[in-house]
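For reference, the structure is listed below as structure tokens.
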Amino acid sequence: MSHRIALAALLALVLPTALAQSSATPPVAPPPPKPPAFTLAPLPYPHEALEPVIDTRTMQIHHGKHHQAYVDNLNRAVAADASLQGLSLEALMARMSKLPDAVRNNGGGHWNHDFFWRTMTRPGQGGAPSAALAAAIDRDFGSLDKFKAAFRAAGAGRFGSGWAWLIVGADGKLKVTSTPNQDNPLMDLVAERGAPLLGNDVWEHAYYLQYQNRRGDYLDAWWQVVDWSVVSQRYAAAIADKRG
Ligand code: MN3
């Protein structure tokens, strides 16, 4: 009896293998799927953290749907082109003029939103520009209020969808710029390149649920959630790079 059980068990083990080996073309295991090149990081705060300046629902859709779609579409574009694999997001930005539109739109979308989330914090928690950044703002714009007015004008004046930026240019000076769609100041194809310190998303998806057509109101309220400690750190790093 025990021999029969042992035999049955042995046959059960051996037979499928024997059958597989007898087929004309041995099965080839598919290669394990590659992990995606880029992933969506969680927000650095809860979705409701920016209330009442940016509403919870906007944050959920903007991060979970819009930003996720940029990441997914970028991964698809990179997977389809062997020459792009292994490149960092920054490396893609630096050679964007030679890359397909799918990489420009979705790579820009991924970089811009990652930067945007990390530019913001709870209302009233953002502090003030560092002494060095405040001095540079005074030097290049006249005052913080004049800088804010220039930034607001760039955001309000962007026709259609795009971004307003504060950058450090090649000459070390601060400058307000604007880019269409998901372009950004790191891309080799934009007119005004530089190290971004601050960027605001003026696509309607960033504000429409709460502000509808009042983009100017959104731009005005947005200062309440700007994290000046992060912006000041970016300025220090950009200036250190120039001196480097
Ligand atoms: Mn957006």
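No lab work stands behind these numbers, since they all come straight from the coordinates. Keep in mind the model is a prediction, meaning the values are calculated, not measured. Here Cβ is always computed from backbone atoms with ideal geometry, including for glycine, and neighbour counts include all displayed protein chains.
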Check your understanding: Mind checking the dipole of region 89-244: about its Cα centre, +1 per Lys or Arg Cβ, -1 per Asp or Glu Cβ, Debye to the nearest 20?
Key -> 200 debye
**Study point:** Highest-MSF residue in the chain out of Leu87, Leu74, Leu50 [GNM, Cα springs under 10 Å]
**Key:** Leu87
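Neighbour counts of other C-beta atoms within 10 Å: give me Tyr207, Tyr70, Tyr45 arranged from fewest to most. Walk me through the numbers on the way to the answer.
On the way: Tyr207 25, Tyr70 22, Tyr45 17.
Result, fewest neighbours first: Tyr45, Tyr70, Tyr207.
Dividing the Cα convex hull volume of region 102-244 by residue count, how many Å³ per residue is that?
Working: hull volume 15.6 nm³, N = 143.
It comes to 109 Å³ per residue, whole-number rounded.
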Exercise for review: Name the most mobile residue of Ala29, Ala191, Ala41, meaning the one with the largest mean-square fluctuation, in a Gaussian network model of the chain with Cα contacts below 10 Å.
Suggested key: Ala29
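Anything in the chain that counts as a DSSP H helix reaching 24 Å or more along its axis (C-alpha) with Kyte-Doolittle mean of at least 0.0? List them, would you?
Numbers: long enough: 2-22 (29 Å, 1.30); 101-119 (26 Å, -1.32).
Those that clear 24 Å and a mean of 0.0 are 2-22.
Is the shape of region 96-138 rounded, prolate or oblate, going by the alpha carbon gyration tensor and its root eigenvalues a ≥ b ≥ c, with a/c under 1.5 for rounded and a/b larger than b/c for prolate? Could the numbers behind the result be given before it?
Values: a/c = 6.33, a/b = 2.01, b/c = 3.15.
Cα axes put region 96-138 in the oblate bin.
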Exercise for review: Find the relative contact order for the chain and round it to a whole percent, using C-alpha pairs within less than 8 Å whose residues are 6+ positions apart.
Suggested key: 21 percent
Review point. Using bins 5 angstrom wide from zero, how does P(r) for the chain break down, in % of all Cα pairs?
Key: 1, 6, 11, 15, 16, 13, 10, 6, 3, 2, 2, 3, 3, 3, 3, 2, 1, 0, 0, 0
Practice item. Would you please give the residues with an amide H less than 5 Å from that of Leu189, counting only those at least 5 places away or on a separate chain, with H modeled from the backbone geometry? Key: Met96, Ser97
Review point. What number of lysine-lysine pairs in the chain show an alpha-carbon separation below 27 angstrom, given a sequence spacing of 8 or more or placement on distinct chains?
Key: 12
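Which shape class, rounded, prolate or oblate, goes with region 25-98 when its Cα gyration tensor gives a ≥ b ≥ c as root eigenvalues, a/c under 1.5 marks rounded, and past that a/b bigger than b/c marks prolate?
On the way: a/c = 3.50, a/b = 1.78, b/c = 1.97.
Oblate shape, in that a/c is at least 1.5 and b/c is the bigger or equal ratio.
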Review point. Under the rule of -39500 (n - 2.57) per DSSP H run of 4 or more residues, summed and divided by the residues of the chain, what mean residue ellipticity at 222 nm is obtained, to the nearest 500 deg cm²/dmol?
Key: -15000 deg cm²/dmol
Exercise for review: Report, in whole Å, the centroid distance computed from the Cα atoms of region 83-130 and region 151-219.
Suggested key: 13 Å
Point to revise | Of Ala135, Trp228, Pro180, farthest towards positive along the dipole that unit charges on Lys, Arg, Asp, Glu beta carbons give region 116-244 | key: Ala135
